[in-house]
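> Quick one: the structure is below, questions incoming.
Each value in this text was obtained by applying a stated rule to the coordinates, not by laboratory testing. Note that this is a predicted model, so its numbers are computed, not measured. Note that each Cβ is placed from the backbone with ideal geometry, even for glycine, and that neighbours are counted across all protein chains shown.
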Amino acid sequence: MKRDARAFWLRSPGNGEIRTVSLPEPAADDVLVRTLCSGVSRGTETLVFRGGVPESQYTTMRAPFQDGEFPGPVKYGYLNVGVVEEGPESLLGRTVFCLYPHQTRYVVPASAVTPVPDTVPAARAVLAGTVETAVNALWDAAPLIGDRIAVVGAGMVGCCVAAVLARYPAVRVQIVDADPTRADIAKALGVDFALPEDAAGECDLVVHASATESGLARSLELLATEGTVLELSWYGDRRISLPLGEAFHSRRLVVRSSQVGAVSPARRSRRTFADRLAVSLDLLADPAFDALITGECAFEELPTVLPRLTSGALPALCHRVLYESETDPARV
């Protein structure tokens, strides 16, 4: 039986469209998922939308269920929550998270979906992939009790890191961002906020996630002697200058990269990708994460919404995409 679905494709840099796609017949170990909602990861997805993936990174930047190739046409995305309509009895009817692009229905191996805990609403579970980035980053950084920490850049990734750090005992956590309106989000997450010029210094750890040259330079300035900047920003095809003169060497400062594509070496021998995602979903039981959902649209609106997100005309942290049910026209 032939079944169709609708999917969002980047036709060419800056131009998106909704396409009809044919679904394969599910195998015995597959699931058919009907999407409830998906999330636009504003940093990475808008970089892909504008065609900013360097050719040298085409393979590294592939999403798990990407179709097509950079710079386009390509079907890209990785924050999807849906309901299993066909598959193993243990998953049938379950709400699941999958690293799948924006598409109304899809077929994937059952091993590619993770059940969403009953304590986590489906609408919040779209953040799981970004919280997973935060979990991996903090496995890399290994903050200690009593540390003084700044998170520079109150975007989706930075706020997820701050939200997790807010649970650490006796830790001073401050979000640093040039946008004063992000103070309300910091308050909702239970952490302090400061503009770059007012940020508290002498930090043991600075997590940088602003994707700006000035933010990275300010991160170095906020460090205490022998402190570490954990770099989470991905700059795509942009070249960034970093001030490594002055007191960089005498103060023995460290700049370290972190990326979610591999489990942190600190946990790699004992934790799988599935373990890491399960931890991330458990963390999302905290309603404080709702502050990171700052915009919504219908699936059909994506071709007009992505250009506005990319240009900054539509500000957002996580932009949630809502799908209509074929049996219930109301939105999820």
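Let's see how each residue does on (1) surrounded by fewer than 16 Cβ atoms within 10 Å (Cβ to Cβ); (2) more than 30 Å from Ala313 (Cα to Cα); (3) among the aromatic types (Phe, Trp, Tyr):
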residue: Asn15; (1), (2), (3): yes, no, no
residue: Leu23; (1), (2), (3): no, yes, no
residue: Thr35; (1), (2), (3): no, no, no
residue: Val40; (1), (2), (3): no, no, no
residue: Gln66; (1), (2), (3): no, no, no
residue: Val83; (1), (2), (3): no, yes, no
residue: Phe97; (1), (2), (3): no, no, yes
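> Shifting gears a bit: Looking for whichever is of a type outside the set (Ser, Thr, Tyr), within 21 Å of the chain's Cα centre (by Cα) and buried (at least 21 other Cβ atoms within 10 Å of the Cβ) here; the options are Pro71, Pro101. Which one fits?
From the options Pro71, Pro101, the qualifying one is Pro101.
> Could you list, in sequence order, all residues of segment 166-190 that are crowded, with 24+ Cβ neighbours inside 10 Å and free of Cβ contacts under 8 Å to residues at least 40 places away in the same chain?
Across segment 166-190, the qualifying residues are Val173, Ile175, Asp177, Ala186.
> Of the residues in segment 122-165, how many are buried (at least 21 other Cβ atoms within 10 Å of the Cβ), among the hydrophobic types (A, V, I, L, M, F, W, C) and farther than 28 Å from Thr95 by Cβ?
Here the count works out to 6.
Here is a yes/no grid of residues against (1) part of a loop (DSSP other than H, G, I, E, B); (2) surrounded by fewer than 17 Cβ atoms within 10 Å (Cβ to Cβ); (3) under 16 Å from the mean Cα position of the chain (by Cα):
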{"residue": "Val255", "(1), (2), (3)": "no, no, no"}
{"residue": "Val260", "(1), (2), (3)": "yes, no, yes"}
{"residue": "Pro265", "(1), (2), (3)": "yes, yes, no"}
{"residue": "Ser269", "(1), (2), (3)": "yes, yes, no"}
{"residue": "Leu281", "(1), (2), (3)": "no, no, yes"}
{"residue": "Ala285", "(1), (2), (3)": "yes, yes, no"}
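> Taking the stated definitions as given, is Ala217 of a type outside the set (D, E, K, R) and within 27 Å of Ala291 (Cβ to Cβ)? Break it down stepwise before answering.
Details: of a type outside the set (D, E, K, R): yes; within 27 Å of Ala291 (Cβ to Cβ): no.
Answer is no for this residue.
> Please go through segment 39-80 and pick out each residue that is among the aromatic types (Phe, Trp, Tyr) and touching a Leu at 6+ places or on another chain (Cβ under 6 Å).
Passing the criteria: Phe49, Tyr78.
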